[in-house]
Amino acid sequence: MAVSFSQPKAILNNGVEMPMLGLGVYDMHGKETEQAVIESLHIGYRLIDTASMYGNETEVGNAIKKSGISRNEIFITTKVNNHDQGYETTLKAFDTSLRKLQTDYIDLYLVHWPIKSKRKDTWKALEKIYADGRVRAIGVANYLMPLLEELKTYATMAPAINQVEFSPYLFLEDLLNYCRKNKIQLQAYSPLIRGRKLNDPRLLQLAKKYNKTAAQIILRWDIQSGVSTIPKSSNRHRLKENFDVFDFELSASDMKLINSFNENLRIVGDPASYF
């Protein structure tokens, strides 16, 4: 029997509610994906983030069906692949994602990467899908401020979400402030830096202070910063650990301390190369 847990939600700029914490399924394959999604849903996760590029939308759809949890309780994000960008090709790609996910609507559809020659037409396709009522919200991924400014020149609606690599070690404070000002919800992928910084003595000291893990400190920092976060794991223990971040609060001074960890550390490609 699935158990539903309450957790903070973001209210997007069109009024849609989205859980602040979810499961990312990048680089998961086959049964691993299905099992991770089923486990996460039974732990209490209600946001599942996939993408056409990940090649696992079918498994995500299978897992949601098998979970026994109503579709309307689950927030599904997927993204248009780079080679599918363009107006007509994006519309077709969206239909393909619907079929694979075994659903008749998507909660959030994103432009995965800002492909220079295609991003305008791709965004127009997303606006069409939204206008047709087939998606509850649309947004972008990997858009830095110049790309968001460019988007304003042709968009008839603002993106609800901007999903970017974001962590204490890649603290994009200017982008966070820009998104707040423009009512765009920032969402962090790879928030745990693929484990590379979990032995940072400063983090471990905070973990000891709050009786939490280093990973939980980072995820709590995201949420208190107003940033939605989608850590990836297929390990049941870590899935539970990552979700157990709603029963404590970091002090203002500790939030400020974590902000100072920035070293512009990227583990994914720099979107600046797409300008």
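The values are calculated or read from the model by the stated rules, or taken from the named source; none is laboratory data. Fair warning: this is a prediction, and the values are worked out from it, not measured in the lab. Don't worry about glycine lacking a Cβ; one is built from the backbone with ideal geometry, like all the others, and counts go over all protein chains shown. The protein model used for the area step is the full one, side chains on, heavy atoms only, and it has no ligands, DNA or RNA in it. Shrake-Rupley method; radii C 1.70, N 1.55, O 1.52, S 1.80 Å.
Restricting region 10-20 to residues that are touching a Lys or Arg at 6+ places or on another chain (Cβ under 9 Å) and either polar (S, T, N, Q) or not in a loop (DSSP other than H, G, I, E, B) (or both), the residue that is surrounded by the fewest Cβ atoms within 10 Å (Cβ to Cβ) is 17. Entry remark, region 178-216: residues being assigned to a helix (DSSP H, G or I) and on the phi > 0 side of the Ramachandran plot number 3 in total.
Cβ-Cβ distances below 6 Å connect the following pairs, each with a first residue in region 247-275 that is closer than 10 Å to residue 168 by Cα, a second residue that is among the hydrophobic types (A, V, I, L, M, F, W, C) and surrounded by 12 or more Cβ atoms within 10 Å (Cβ to Cβ), and a separation of six or more residues or different chains: 258/221; 259/171; 262/171; 265/170. Mind checking which residues of region 105-127 are out of contact with any Phe, Trp or Tyr (no Cβ under 8 Å at 6 or more places or on another chain) and touching a residue at least 12 places away in the same chain (Cβ under 8 Å)? 105, 110, 112, 118, 119, 127, listed by residue number.
For region 217-238, a tally of residues being outside any loop (DSSP other than H, G, I, E, B), open to solvent by 10 Å² or more (accessible area, probe 1.4 Å) and out of contact with any Gly (no Cβ under 6 Å at 6 or more places or on another chain) returns 6.
Looking only at region 159-210, filter to residues that are within 28 Å of residue 128 (Cβ to Cβ) and hydroxyl-bearing (Ser, Thr, Tyr); which one of those is surrounded by the fewest Cβ atoms within 10 Å (Cβ to Cβ)? Ranking the candidates gives 178 first. Being more than 23 Å from residue 247 (Cα to Cα), in contact (Cβ under 8 Å) with a residue 12 or more places away in the chain and either aromatic (Phe, Trp, Tyr) or part of a helix (DSSP H, G or I) (or both) is true of residue 175. Against the criterion of being closer than 25 Å to residue 157 by Cα and in contact (Cβ under 8 Å) with a residue 40 or more places away in the chain, residue 13 qualifies.
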